[in-house]
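S.K.: Got a structure for you, written out below as C-alpha cells; questions coming shortly.
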Amino acid sequence: MANQTGAEPKVDVYQVITDRLIAALEAGVAPWRRPWSGVTPAPANFVSGRRYTGWINLMLLSFRPFHNPFWLTRGQVQKLGGEVMEDEEGTPIISIWWRELPVNDRPGDGRTRRIPRLRESLVFNYEQCRGLRKHPKSSAGDFFANDPILAAAGNLEHDPIAAAEAIIAAMPEPPAIEEGGTSAVYDPILDVVRMPRPGRFERRVDYYSVLFHELAHSTGHKRRLNRAWPGHLGGPEHSQEELIAEMAAAYLCGQAGICDQTLDNSAAYLGNWLKVLRGDRRLVVMAASQAQRAAAYILGRES
C-alpha cells in the first residue's frame, strides 16, 4: 500500500530496490543503461496509458521478466473486475521529493539540509492478472511510434551524432568545453569540461557518451543545480556523484539514440558498482533522483 505520510515505508523500499539492481549487476547488466531502447516499449500504466517516469521506476519495471509493457495497481485490477494471480509478486514504484529542514534550532541561522521523502506503491504486470474487462488503451506499436527514443532506434535515417550535438548546443548556461589532452574531466572551480579530441575515441559516439557524463557533473555547479561537490575519491559522496553522472549520461545517450552503442559491462566496471551498492542501500535512489534532474537540466526541461 502506498505510504501517504511521507514517512519511510514499513517495507524497506531502499533495500528492495537496491537488491533488484544488484541482481541485475550480478547477471552482467548495468541496470541504468536503458534496457528497453530499441527492444520493447517503455513501461506504462494500463488504465491511463501514461508511461511511468523516474529513472528508478523505469529500471525496476524493465528488469521484470514480462513482455507486456502495461502495469496496474491492485486497486485498478479490482476496479476492472480482475484479480492478481496467486503468488504473483508486485513491483515497487516510488515517487520521491525533498524537504528543506533547518540544520539546527538557532534563530536566523538559515542553513538547511535536504531530506528525501518517499511514497511507495506496488504495481502488477498485465501478465500477472486475469479477468480484466478491458484491453490496454494503446498497442505496443502505438507506444513505439510515440516514443522518440524508440523511434530513433528503429529509424535508419536517424543521425545519433547530429542528435547528440543538438542536445549539447541546447544546454542552458553550459560550461566551457575544451578539447585536447588525454583525459576527460570536469573542473568545478573553473566550470570547464576538458575532453580528448573526438579522433582519439574508437567511435565518435563514444566521445558523446563521455561528454554527456562530464556535462552531467557540471550540472552540480552552484549556478545550475547546486549539488555539493564530493570530497575525497572513494568516499560516499564521490560514489553518489559518479552514479548521478552515469545515469544522466545513459539517459542522454538514449535521447540521442546511441545508448546501445556505449555499454560498459566489463567485469571490473560491474564489480565496482556491486561493491558500492552493497555498502549503501540508499545510494541508488538518491542518485537516480538527482540524475533525473541533471538530465532534465541539460535537455532544458522541468525535472
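The values are calculated or read from the model by the stated rules, or taken from the named source; none is laboratory data. Bear in mind that the values here come from a model prediction, so they are computed numbers and not experimental data. Please note: Cβ atoms are built from the backbone with ideal geometry, for glycine as well, and neighbour counts cover all protein chains shown.
S.K.: Could you say whether any residue in the range 196-205 is among the hydrophobic types (A, V, I, L, M, F, W, C) and touching an Asp or Glu at 6+ places or on another chain (Cβ under 9 Å)?
M.R.: No, there is no match, as no residue in the range 196-205 is among the hydrophobic types (A, V, I, L, M, F, W, C) and touching an Asp or Glu at 6+ places or on another chain (Cβ under 9 Å).
S.K.: Let me ask something additional. Please tell me if Trp36 is outside any helix (DSSP H, G or I), at pLDDT 85 or above and surrounded by 17 or more Cβ atoms within 10 Å (Cβ to Cβ).
M.R.: Considered against the rule, which asks whether it is outside any helix (DSSP H, G or I), at pLDDT 85 or above and surrounded by 17 or more Cβ atoms within 10 Å (Cβ to Cβ), Trp36 comes out as no.
S.K.: Same structure, new question: Take residues that are surrounded by 12 or more Cβ atoms within 10 Å (Cβ to Cβ) and modelled with pLDDT of 85 or more and tell me which of the helices (runs of 4 or more DSSP H) falling wholly in the range 71-185 contain 1 or more.
M.R.: Hits in the range 71-185: 74-79, 160-170.
S.K.: Answer with yes or no whether Ala30 is surrounded by fewer than 20 Cβ atoms within 10 Å (Cβ to Cβ), under 17 Å from the mean Cα position of the chain (by Cα) and modelled with pLDDT of 80 or more.
M.R.: Yes, satisfied.
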